[in-house]
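Chemist: What follows is a single structure, and I will ask about it in a moment.
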Amino acid sequence: MRSEIPTSDVIKQITISDQIVDHLLALISTQNLQPNDLLPSEAELARTFNVSRPAVREATNALVGQGIITKAAGKRPVVRALSQKPFANLVTHGLVTRQMSILEVLEARSGLEMVAAELAAERMTKEEVAALETVIVQLKKYAGNDAVFSLHDQHMHRLIVAASRNSLIKTMLDGISAAVKQSYEVGLGFVYQAGEWGKVLQLHLDIADAIVKRDGAAAKQAMNAHFVSAITRTRKYLLERSEMQIKPARKKK
């Protein structure tokens, strides 16, 4: 009787370029290469691995696409500084193809920014505290003006993320910046309609106050309250828009 081989046991073919990619990633790791450090040229890599230059080029192009290295004509590949572009492309693709939603972006942001607020309360410099206090003055001034308020709101969040000194959080949030902007437009548009500006402003004041007082737990809790409110408003907005789209048009008499 013939036995069936489980699909998980099927051997997958690994191309030469895939193997070169693995070797280059290992090289970067074992040699402790830093951003802007040089890798061997394509000719050197071809000789080292005893493979064709097109195979090496395919491998290095793959690493360029992943945001790991950069290349220029006639020059050796360079280790790239951390970039939000690959993640940004992923999020944009997810939104365009409706594999993820603005609501999901808000939910993901909430977790990242709660941690960022907690860290910022501990790590924010005096200069950054002064900048945060300046932003709060502007938020108070423009509460009710969704376009201008949104700009200062985004600035406040960027200040907090930068002050967290966490490069991974910053890179991920930078990567979804376009989606973040859209979430502001959706959320604040609903605030304007619902007349909840006082509540929204107070949520921002609570975050800033906790950070200035160096109270990480309170900053994290205040940021959570801010996103719970934003997510709730966005759900209402999306539900209303959905109902308007499916509501049948009235027949003319």
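The values are calculated or read from the model by the stated rules, or taken from the named source; none is laboratory data. Quick caveat, the model's predicted, so the values are computed rather than measured. Note: ideal-geometry Cβ built from the backbone for every residue, glycine included; neighbour counts use all protein chains shown.
Chemist: Assuming residue 161 fulfils every condition listed in (1) in contact with a Pro (Cβ under 9 Å, 6 or more places away or on another chain); (2) modelled with pLDDT of 95 or more apart from one, which condition is it?
Modeler: Every condition holds for residue 161 apart from (1).
Chemist: I'd like to verify a number: residues in the stretch 20-50 that are free of Cβ contacts under 8 Å to residues at least 24 places away in the same chain, on the phi < 0 side of the Ramachandran plot and in a loop (DSSP other than H, G, I, E, B), how many?
Modeler: 1
Chemist: While we're on this one: Which members of the stretch 75-92 meet the condition of being surrounded by 14 or more Cβ atoms within 10 Å (Cβ to Cβ) and either among the small types (Gly, Ala, Ser) or under 18 Å from residue 28 (Cα atoms) (or both)?
Modeler: 76, 77, 78, 79, 80, 83, 88
Chemist: Quick check on my filter: what residues within the stretch 55-102 are part of a loop (DSSP other than H, G, I, E, B), β-branched (Val, Ile, Thr) and touching a residue at least 24 places away in the same chain (Cβ under 8 Å)?
Modeler: 68
Chemist: Taking into account only those residues within the stretch 56-74 that are buried (at least 17 other Cβ atoms within 10 Å of the Cβ) and polar (S, T, N, Q), which is nearest to residue 15 (Cα to Cα)?
Modeler: The residue in question is 60.
Chemist: Another question about this same structure. With the condition being among the hydroxyl-bearing types (Ser, Thr, Tyr) and crowded, with 17+ Cβ neighbours inside 10 Å, I'd like the helices (runs of 4 or more DSSP H) fully within the stretch 116-176 carrying at least 3 qualifying residues.
Modeler: Hits in the stretch 116-176: none.
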